[in-house]
Every structure is written in C-alpha cells, then in structure tokens.
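Structure, as structure tokens:
The values are calculated or read from the model by the stated rules, or taken from the named source; none is laboratory data. Predicted, not measured: the structure shown is a model, and the values here were computed from it. Just so you know, the surface numbers come from the protein's heavy atoms only, side chains and all, with ligands and any DNA or RNA stripped out. Shrake-Rupley method; radii C 1.70, N 1.55, O 1.52, S 1.80 Å.
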Amino acid sequence: MLWGLLATALAAAFALAAVRQPVPEEPARWAGPLRRLHSGHAGNYVAWFLAGVTLLAALVV
C-alpha cells in the first residue's frame, strides 16, 4: 500500500512539474533528427509501434 501511495505522489509531482515548466522557444538539439524521422502520418505510428513491440519481444525472449 505504501508503494502505491509513493507512486501516486511521484506521478502527481512529475505531472505538476511538467505543467509548470516553461516551454523553451527552440526545441532540444537531440529532437531534430527524431522529428525528421517522424512525419506524423498514421503509417509512422504503426511502424514505430511495431518496432517497439519487436524490441520489447526481443528483450523478453
């Protein structure tokens, strides 16, 4: 029960920090290549989902 309360408190704290954090004018330097990889089309979501599931399955098995 204590772990559940701790996890809930941490989740609330992180959510509050994310909401209160000012958004930088310029995106992070590491985000540029990732944004070029992902165009926002529905096919990209499917491809990234399948890549993540494949990686997770490879790590589990």
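Among the residues of the stretch 17-37 satisfying the criterion of being assigned to a helix (DSSP H, G or I) and open to solvent by less than 100 Å² (accessible area, probe 1.4 Å), which is nearest to A51 (Cα to Cα)? Checking each candidate, the answer is L34.
For the stretch 38-55, a residue qualifies if it is open to solvent by 80 Å² or more (accessible area, probe 1.4 Å) and part of a helix (DSSP H, G or I), and the qualifying residues are Y45, V46, W48, F49, L50, T54, L55.
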